[in-house]
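Engineer: The structure that follows is given in the form of structure tokens.
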Amino acid sequence: MSQTVLLDSKFKQQEVKSHRWITENEQKEWISCLKSWNLRGLKGVSDGGLEWCASVVEKRHCQANHEHSIHTKYLLCGNRAICPRCAMSYANKKSQAQYMYLKENFAKNLPFDSKLNQIVLTLPKDLHSTKKNIFSKMVKDFMNKMGIDAYGYVIQDRHSKDPLSKKYAHAHCITLNVKEQEGYLIQNDYYFDLEQMRDIWKNVIKKNLDYQVNGFVNLHSEYASIINEPQKVKHILKYVYRYPIEDLFNVQVRNHSINYLEKGHFKNIQREVFNLLSDKKSKFVWCGLLSSGKRKYLTGLLEMPQRFWQNLVYYEKEIERRSKLCRDCGMQLEDKPFETCDYQGDNEPEIFKPPS
């Protein structure tokens, strides 16, 4: 993500500036929080890596014409387990690549509007200790009963609004509105009936965990057109690539909705925060028609030569390649920056504050 900013009205030359994700003040506050939680020994805190992150700017000219826009790039620490700036940048890049993967391989080759649907399946409070392998089986059982042939999912156990609270087991499922019928891909409108989805999820819980859910079961669903609503689709996709550090940063620093620095939250706040920062990020996996084992079958249904299907890594490299091209003419940028300088606070991101 980048934005174009007028550099000098006299020469009409512009700067294309990379997105910074967090402000300098947020960065300082976050580092202060880590130190207050006695986490000074963490890599990035002890060696000053978080303070250095995005403090150095590289500027490059277009190889073809130095009068074209100047392109800036911030040097990042890359420590996305504890750096909210790098975690947000990672989730954005992965969601961009995943969007391109779905659009180019899938949506463009269907005769109907291909929609991406996010379903969040949450277990009742009494069942949050359920093992991930059992939860995974339940997700697949739900998809089978819904007749969903193309989906992916990731299981997470942190609540975004209170990330240091007790385990909150839920699955972010990404599904597509297609199903196979008699050798063809046809449109599947399952996402319209939310009550049916809740009933099926209750039955899955009963079958697998012998637990009867009485009344409401927490299930969220939203969908968007891959071709016609790209920003909404990318926003949905970001959730499956989020690091828990982003949620802790949001509640503690950006939104100030919870102050974990106050006494009384935990007896050992250092241990709780360290456990969150040390969490192994759950992997998002495609299943059904979008699994790697079904690739040949899926491309056959799409009447698409298998060699035309590009994997996610291809699109990640494509994003990297495009970032090195001039926005004005599409030519390559120069390999070496013509200037390397300190960030002067001239490109702070605009932060949306939710209503109180």
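The values are calculated or read from the model by the stated rules, or taken from the named source; none is laboratory data. Just so we're clear, the structure is a prediction, and the values are computed from it rather than from any experiment. In this analysis, Cβ positions are derived from the backbone assuming ideal geometry, glycine residues included, and neighbour counts consider all displayed protein chains.
Engineer: Got a number for residues in segment 28-59 being under 27 Å from PRO337 (Cβ atoms) and assigned to a helix (DSSP H, G or I)?
Structural biologist: The number of residues fulfilling the criteria is 6.
Engineer: Quick one: LYS28 ticks every box in (1) surrounded by 15 or more Cβ atoms within 10 Å (Cβ to Cβ); (2) within 30 Å of GLN270 (Cα to Cα); (3) at pLDDT 95 or above bar one, so which box is it?
Structural biologist: (1)
Engineer: Which of the residues that make up segment 184-213 are aliphatic (A, V, I, L, M) and surrounded by 13 or more Cβ atoms within 10 Å (Cβ to Cβ)? Walk me through it before giving the result.
Structural biologist: First pass over segment 184-213, keeping only residues aliphatic (A, V, I, L, M): 185-186, 194, 197, 200, 204-205, 209, 213.
Within segment 184-213, LEU185, ILE186, MET197, ILE200, VAL204, ILE205, LEU209, VAL213 meet the criteria.
Engineer: Looking only at segment 220-276, count every residue that is touching a residue at least 60 places away in the same chain (Cβ under 8 Å) and among the basic types (Lys, Arg) and tell me the total.
Structural biologist: Qualifying residue count, segment 220-276: 4.
The rows are residues; the columns are (1) outside the structural domain of SER129 (by TED's automatic domain parsing); (2) in contact with a Leu (Cβ under 9 Å, 6 or more places away or on another chain).
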| residue | (1), (2) |
| --- | --- |
| GLY183 | no, yes |
| ILE186 | no, no |
| MET197 | no, yes |
| ASN203 | no, no |
| LEU219 | no, yes |
| LYS238 | no, no |
| PHE249 | yes, no |
| VAL253 | yes, no |
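Engineer: Now for a separate question. Among the numbered conditions (1) out of contact with any Lys or Arg (no Cβ under 9 Å at 6 or more places or on another chain); (2) in contact (Cβ under 8 Å) with a residue 12 or more places away in the chain; (3) buried (at least 16 other Cβ atoms within 10 Å of the Cβ); (4) in a helix (DSSP H, G or I), tell me where LYS294 comes up short.
Structural biologist: In the conditions (1) out of contact with any Lys or Arg (no Cβ under 9 Å at 6 or more places or on another chain); (2) in contact (Cβ under 8 Å) with a residue 12 or more places away in the chain; (3) buried (at least 16 other Cβ atoms within 10 Å of the Cβ); (4) in a helix (DSSP H, G or I), LYS294 misses (2) alone.
Engineer: Looking at segment 155-183, which of its residues are within 21 Å of the chain's Cα centre (by Cα), in a strand (DSSP E or B) and surrounded by fewer than 20 Cβ atoms within 10 Å (Cβ to Cβ)?
Structural biologist: HIS159, ASP162
Engineer: Out of all the residues in segment 35-44, which are under 18 Å from ALA87 (Cβ atoms) and either without any contact (Cβ under 8 Å) to a residue 24 or more places away in the chain or surrounded by 18 or more Cβ atoms within 10 Å (Cβ to Cβ) (or both)? If you could, list the steps in order and put the result at the bottom.
Structural biologist: Kept after step one, since they are under 18 Å from ALA87 (Cβ atoms), are these residues of segment 35-44: 37, 39, 42-44.
The answer is TRP37, LEU39, LEU42, GLY44.
Engineer: Hey, another quick one. Pull out all pairs, ordered by first then second residue, where Cβ-Cβ is under 7 Å, the residues are six or more apart or on different chains, the first lies in segment 117-145 and is farther than 14 Å from ILE205 by Cβ and in the same structural domain as TRP286 (by TED's automatic domain parsing), and the second is modelled with pLDDT of 95 or more and of a type in the set (Phe, Trp, Tyr).
Structural biologist: Partner pairs satisfying both residue conditions: MET143/TYR151.
Engineer: Please specify each residue of segment 1-24 satisfying the condition of being at pLDDT 50 or above and farther than 22 Å from ALA91 by Cα. First the steps, then the outcome.
Structural biologist: The first filter runs over segment 1-24 and keeps only residues at pLDDT 50 or above, leaving 1-3, 12-24.
Across segment 1-24, the qualifying residues are LYS12, GLN13, GLN14, GLU15.
Engineer: If a residue has to be of a type in the set (Gly, Ala, Ser) and within 26 Å of TYR243 (Cβ to Cβ) to count, how many in segment 280-316 make the cut? Full working, then the answer.
Structural biologist: Step one: list which residues in segment 280-316 are of a type in the set (Gly, Ala, Ser), which gives 282, 288, 291-293, 300.
Still in the running and within 26 Å of TYR243 (Cβ to Cβ): 282, 291-292.
Final tally of qualifying residues: 3.
One line per residue, one yes/no per condition, for (1) in the same structural domain as HIS170 (by TED's automatic domain parsing); (2) under 20 Å from LEU248 (Cα atoms):
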site: ASN79; (1), (2): no, yes
site: SER95; (1), (2): no, no
site: TYR101; (1), (2): no, no
site: LYS115; (1), (2): yes, no
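Engineer: When segment 160-184 is examined, which residues are found to be touching a residue at least 60 places away in the same chain (Cβ under 8 Å) and closer than 30 Å to PHE274 by Cβ? Give the steps one after another, and end with the answer.
Structural biologist: Residues of segment 160-184 that are touching a residue at least 60 places away in the same chain (Cβ under 8 Å), as a first pass: 160-164, 172, 174, 176-178, 180, 183-184.
If the condition is that a residue be touching a residue at least 60 places away in the same chain (Cβ under 8 Å) and closer than 30 Å to PHE274 by Cβ, then SER160, LYS161, ASP162, PRO163, LEU164, HIS172 are the ones that fit.
Engineer: Could you please let me know if ILE134 is assigned to a strand (DSSP E or B) and either touching a helix residue (DSSP H, G or I) at 6+ places or on another chain (Cβ under 7 Å) or crowded, with 19+ Cβ neighbours inside 10 Å (or both)?
Structural biologist: Details: assigned to a strand (DSSP E or B): no; either touching a helix residue (DSSP H, G or I) at 6+ places or on another chain (Cβ under 7 Å) or crowded, with 19+ Cβ neighbours inside 10 Å (or both): yes.
No: the conditions fail for ILE134.
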